[in-house]
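Comments concern the structure below.
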Amino acid sequence: GIQVEQSPPDLILQEGANSTLRCNFSDSVNNLQWFHQNPWGQLINLFYIPSGTKQNGRLSATTVATERYSLLYISSSQTTDSGVYFCAVEKTSGSRLTFGEGTQLTVNP
Amino acid sequence: EAGVAQSPRYKIIEKRQSVAFWCNPISGHATLYWYQQILGQGPKLLIQFQNNGVVDDSQLPKDRFSAERLKGVDSTLKIQPAKLEDSAVYLCASSLQRVSGYTFGSGTRLTVV
């Protein structure tokens with residue numbers, strides 16, 4: 001099956017800092033999503049981004065499908081950004097969504 | 001639009017007991033998924049429905065887990081009998097493929113003691 005690798009596994013920031021999270025995948029994909037899992041376990045969909053670049057406030061994401069990676073940028077981080085960030089990919093439409101192991105982000109005040 | 005609804009939020013049971021979880025997907029989403037997330041890991045697919053038919057249940061431990069989706073809307077996931085290693089968060093998701101990706105419910109946190 002398709003492999004998804006995320007880096008770094010852990011990241012500690014001071015409030016106001018910027019960060020970049022990376023997701024590498026082993027095969028071409030039909031779908032790629034970035035999720036934020038909050039401390040209560042809820043998976044919040046941040047971006048549906050099989051290719052290209054999208055921005056939403058302080059967050060933006062870029063997927064380079066031909067090179068099989070995606071990046072999530074967090075600017076001016078806040079303590080509420082803390083949690084686990086997951087990248088997940090779907091190889092073909094209707095197949096399973098395969099998750100990476102996540103990046104644990106801690107933003108300190 | 002309303003999100004994916006799941007219940008209960010928490011459940012504690014003893015090993016060898018049975019338990020059931022319920023999911024109501026977003027209206028109009030034909031595809032429904034159950035994922036298991038063990039602490040410290042990413043979610044893993046248990047079963048995928050398209051309307052009321054099973055598309056993928058290759059990772060469902062069928063000796064103890066079962067799931068159904070009546071009338072292509074609500075779904076239930078059952079574990080019988082539960083084992084200690086079934087302690088996890090069970091997440092339900094639905095999707096409108098090629099449009100907006102997957103939307104997850106809040107999950108059910110199961111503890112087996």
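Rule-based calculations on the coordinates, nothing more; no lab input. This one's a predicted model, so the numbers in the text were calculated from it and none came from an experiment. Methodologically, a virtual Cβ is constructed for each residue, glycine included, from the backbone with ideal geometry; neighbour enumeration extends over all protein chains shown.
Of note:
- Close amide H contacts of A:Glu101 (hydrogens built in the peptide plane, cut-off under 5 Å, sequence separation of 5 or more or a different chain): A:Gln6.
- Note that the stretch A:8-109 shows a convex hull volume over its alpha carbon atoms of 90 Å³ per residue.
- Within the listed set A:Ser26, A:Ser93, A:Ser60, the residue fluctuating most in the Gaussian network model of chain A (springs between alpha-carbon atoms under 10 angstrom) is A:Ser93.
- The phi torsions of the stretch B:73-87, fed into the Karplus equation with coefficients 6.51, -1.76 and 1.60 and a -60° offset, translate into couplings of 10, 5, 9, 10, 10, 10, 10, 7, x, 7, 10, 4, 6, 7, 4 Hz, rounded to whole numbers, with Gly and Pro shown as x.
- Cα centroid of the stretch A:66-109 to Cα centroid of the stretch B:26-42, whole Å: 16
- Per-residue HN-Hα couplings for the stretch A:27-32 [Karplus 6.51, -1.76, 1.60; θ = phi - 60°; Hz; x = Gly/Pro]: 8, 5, 10, 8, 8, 9
- Amide H within-cut-off set for A:Ser26, under 5 Å, with H built and near neighbours excluded: A:Gln3
- Cross-link partners of B:Lys62 among lysines, defined as those whose alpha carbon lies under 29 angstrom from its own and excluding same-chain residues fewer than eight positions apart: A:Lys91, B:Lys11, B:Lys15, B:Lys44, B:Lys71, B:Lys78, B:Lys83.
- Between the amide H of B:Leu46 and those of B:Trp34, B:Tyr35, B:Gln36, distances stay under 5 Å, these residues lying 5 or more places away or on another chain, with hydrogens modeled in the peptide plane.
- Taking B:Lys15, B:Lys71, B:Lys83 in turn, the Gaussian network model of chain B (Cα-Cα springs below 10 Å) assigns the largest fluctuation to B:Lys71.
- GNM flexibility winner over chain A from A:Gly16, A:Gly41, A:Gly57 (Cα, springs under 10 Å): A:Gly57
- At 1.002 mPa s and 20 °C, Stokes diffusion of the protein assembly as shown via Kirkwood alpha-carbon radius, µm² per second: 120
- Modelled spin labels at B:Asn51 and A:Ser26, positioned 7 Å past Cα toward Cβ, are 3.4 nm from each other.
- Karplus-derived 3J(HN,Hα), 6.51/-1.76/1.60, for each residue of the stretch A:80-88, Hz, glycine and proline x: 6, 7, 4, x, 9, 9, 10, 9, 9
- For chain B: rounded, prolate or oblate by the Cα gyration tensor [a/c cutoff 1.5]: prolate
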